[in-house]
Amino acid sequence: MTLDTGPLTLVFGPRTPDPGPRAQFVHETTGNVRTIDIDELNDLAVGATVLGTGGGGDPYVGRLMAAEAIRRYGPVTLIDPQELDPDALVLPVGMMGAPTVMVEKLPGGFELAAATEALETFLGERAGAVMATEAGGINSTLAICVAVARGIPLVDADLVGRAFPELQMCTPTLYGTRACPMSLSDDKGNASILEASSNRWAERLARAMTIEMGCWSLIALYPLRGRQVAVECVQNTPSTLIAIGAASRIARAENRDPIDAICDVTNGLRLWRGKVLDVARKTVGGFARGEVTIGELDGERTLTVGFQNEFLVATTGEEVLATTPDLISMLDLETGEPITTEGLRYGHRVAVIGIPGDERWRTPAGLEVVGPGYFGYDIPFVPLEERQRTRQLMEVA
């Protein structure tokens, strides 16, 4: 079956004049529906990089793409998942691949249109709404481009509640929902529909295709109905991202510590402060893999943080401070700006914070998919808060 989806062009050429800086944030609310304009994109990008735990793609690139789309088409409508038509088709859209590659090979915009249209054509139905695949970097903003170009809402939710490196690492997987059919497109004009027997196989096959596409692709996957989004997905993600970024921005303007402000919004805990001594990073199998070593500013101990696109495990000596699925984020010690894995450099002075993950990831079923054991770490998962309490008791003793 074929479907004429109509034009969806995200190659930004001539556009309406830039309205320039605005005196205040546009924040219109009607019931559970609001709009997001350009002014809030900086806050959203900061929040996405915090919850992206180092991954999810370059937030700067994503913010520029979303800003250009909003300038051309107008603000995006953000809708509460509970307000969705239960039968509406909702398509999560985003990027797959190694964030380090996208730093040098940027998307043109048409790839996202191609992925969305390919999946709609295969399904024989147009999407009634779109949503972000995850709360991380470029993946928090790509769906905005599709939403404003189509004139459809962006759902205030995502599939993860943070960023994870593999496709099956989404909360719908825990409900038995399939990632496929999914679509992939690249910068060379290739587009494909993938069917797979399981979400894990979808990851393996799509990863191989993505590597051939140049180590990143733009994707649409996990086609959901409105009723599923309201139950299976992590709720209020874009709103939370904006709140995190706004808290950091306001704290800086008021000469308060932005790191404390971010921890207040996210229930985060400070784990470490120090200087980056070494970053071992390479692109392997379509992922940015490695570890970063951070020395104490006022001591001789070091912290090692392992990552696969996202930060996964933080240890000092034999002591484990935090592990996936809880979040580990790095913030500039002075400005509070979050830092991605590809942005880490020797000499960076950073604060490392931990944030409790969604409770569904902390269940036995969730830990099978995203626990430290899955990534090859022989470390039992202990909730971040419990590790912190134990650490404080040992320091007192």
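The values are calculated or read from the model by the stated rules, or taken from the named source; none is laboratory data. Nothing here was measured: the structure is a model prediction, and the numbers come from that model. Quick reminder, even Gly has a Cβ in these numbers, built from the backbone with ideal geometry, and neighbours come from all protein chains shown. Note: accessible area is taken over every heavy atom of the protein model, side chains too, but ligands, DNA and RNA are not part of it. Shrake-Rupley method; radii C 1.70, N 1.55, O 1.52, S 1.80 Å.
Yes or no: R256 of a type outside the set (A, V, I, L, M, F, W, C), open to solvent by 40 Å² or more (accessible area, probe 1.4 Å) and in contact with a helix residue (DSSP H, G or I) (Cβ under 7 Å, 6 or more places away or on another chain)?
Details: of a type outside the set (A, V, I, L, M, F, W, C): yes; open to solvent by 40 Å² or more (accessible area, probe 1.4 Å): yes; in contact with a helix residue (DSSP H, G or I) (Cβ under 7 Å, 6 or more places away or on another chain): no.
Spelling it out, it is not the case that R256 is of a type outside the set (A, V, I, L, M, F, W, C), open to solvent by 40 Å² or more (accessible area, probe 1.4 Å) and in contact with a helix residue (DSSP H, G or I) (Cβ under 7 Å, 6 or more places away or on another chain).
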- [ ] Working carefully through the options P75, P81, find the one that is surrounded by 23 or more Cβ atoms within 10 Å (Cβ to Cβ), in contact (Cβ under 8 Å) with a residue 24 or more places away in the chain, touching an Asp or Glu at 6+ places or on another chain (Cβ under 7 Å) and more than 14 Å from A135 (Cβ to Cβ).
- [x] P81
TODO: Enumerate the strands (runs of 3 or more DSSP E) found wholly within the stretch 258-366, keeping only those where 2 or more residues are in contact with a Pro (Cβ under 8 Å, 6 or more places away or on another chain).
DONE: 287-296, 310-316, 327-332
TODO: Just one of (1) within 18 Å of the chain's Cα centre (by Cα); (2) under 17 Å from P92 (Cα atoms); (3) open to solvent by less than 30 Å² (accessible area, probe 1.4 Å) trips up G245, so point out which.
DONE: (2)
TODO: Being under 20 Å from the mean Cα position of the chain (by Cα), more than 22 Å from V61 (Cβ to Cβ) and assigned to a strand (DSSP E or B) is the filter here, so list the residues in the stretch 203-229 that pass it.
DONE: L224
Task: Residue tally, condition in contact (Cβ under 8 Å) with a residue 60 or more places away in the chain and crowded, with 23+ Cβ neighbours inside 10 Å, over the stretch 174-185 - done: 4
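With the condition being more than 25 Å from L51 (Cα to Cα) and modelled with pLDDT under 95, I'd like the helices (runs of 4 or more DSSP H) fully within the stretch 62-164 carrying at least 1 qualifying residues.
Counting at least 1 such residues, we get 110-123, 142-150.
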- [ ] May I ask you to verify whether G306 is at negative phi and without any contact (Cβ under 8 Å) to a residue 24 or more places away in the chain?
- [x] no
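Out of L327, L321, which single residue is crowded, with 18+ Cβ neighbours inside 10 Å and either more than 21 Å from the chain's Cα centre (by Cα) or charged (D, E, K, R) (or both)? Reasoning before the result, please.
Working: L327 fails: either more than 21 Å from the chain's Cα centre (by Cα) or charged (D, E, K, R) (or both).
Exactly one residue qualifies, and that residue is L321.
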TODO: For the stretch 200-236, enumerate the residues that are polar (S, T, N, Q), touching a helix residue (DSSP H, G or I) at 6+ places or on another chain (Cβ under 8 Å) and open to solvent by less than 20 Å² (accessible area, probe 1.4 Å).
DONE: S217
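From the residues in the stretch 368-397 that are surrounded by 18 or more Cβ atoms within 10 Å (Cβ to Cβ) and farther than 14 Å from L271 by Cβ, which one is modelled with the lowest pLDDT?
Filtering the stretch 368-397 for residues that are surrounded by 18 or more Cβ atoms within 10 Å (Cβ to Cβ) and farther than 14 Å from L271 by Cβ, the one modelled with the lowest pLDDT comes out as F375.
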